[in-house]
1. Probe radius 1.4 Å, ligands and nucleic acids left out: which of Ser7, Ser23 has the largest accessible area, and how do the rest follow?
2. In Å², and per residue, what accessible area does the chain have when probed at 1.4 Å with the other protein chains present?
3. Once a ≥ b ≥ c are taken as the square roots of the eigenvalues of the Cα gyration tensor of the chain, is the result rounded (a/c under 1.5), prolate (a/b larger than b/c) or oblate (a/b not larger than b/c)?
4. Based on the Cβ-Cβ distance of Ala54 and Leu12, what FRET efficiency does E = 1/(1 + (r/R0)^6) give at R0 = 30 Å, to the nearest 0.05?
5. Using protein chains only and a probe of 1.4 angstrom, how many square angstrom of Val2 are accessible, to the nearest 10?
6. Once phi is turned into ³J(HN,Hα) by the Karplus curve 6.51 cos²θ - 1.76 cosθ + 1.60 with θ = phi - 60°, what whole-Hz value does each residue of the stretch 38-50 show in order, with x for glycine and proline?
7. Can you show me the helix-derived [θ] at 222 nm for the chain, built from DSSP H runs with n ≥ 4 at -39,500 (n - 2.57) apiece and divided by the number of residues, rounded to the nearest 500.
8. Out of the chain, which trypsin sites (Lys or Arg not before Pro) are coil in DSSP terms and have no more than 10 other C-beta atoms within 10 Å?
Amino acid sequence: MVAQIISKLIVLFMLICIYNCTSGIGQKDKKRALIWGGLLLLTAGGLFVLYLIAKQ
């Protein structure tokens, strides 16, 4: 149950990152788009590392 809550929160955070990144690009706000894009890549990279660890 806790794992489901955590996974849904991670997905929600990633969706917020995508929304803020695309709205930053639409408003030509490079700093906002860069920060939210970096957070999205950091989260995706962390999930990929966790996947590799769990695969072993």
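1. Details: Ser7 55, Ser23 25 Å².
Descending accessible area places them as Ser7, Ser23.
2. Working: 4730 Å² over 56 residues.
About 84 Å² of surface per residue is accessible.
3. Details: a/c = 4.67, a/b = 1.93, b/c = 2.42.
The shape class here is oblate.
4. Numbers: r = 21 Å, r/R0 = 0.71.
So the FRET efficiency works out to roughly 0.90.
5. About 100 Å², ignoring ligands and nucleic acids.
6. x, 5, 5, 5, 5, 5, 5, x, x, 5, 5, 5, 4
7. Details: 2 runs with 51 residues, N = 56.
The helix contribution divided over the chain gives -32500 deg cm²/dmol.
8. On the way: sites: Lys8, Lys28, Lys30, Lys31, Arg32, Lys55; in loops: Lys28.
In loop regions of the chain (DSSP not H, G, I, E or B), the sparsely surrounded trypsin sites (Lys or Arg not before Pro) are Lys28.
The values are calculated or read from the model by the stated rules, or taken from the named source; none is laboratory data. What you see is a predicted model; the values in this text were computed from it and never measured. Backbone-built Cβ (ideal geometry, glycine too); neighbour counts: all protein chains shown. Surface accessibility is based on the protein's heavy atoms, side chains included, excluding ligands, DNA and RNA. Shrake-Rupley method; radii C 1.70, N 1.55, O 1.52, S 1.80 Å.
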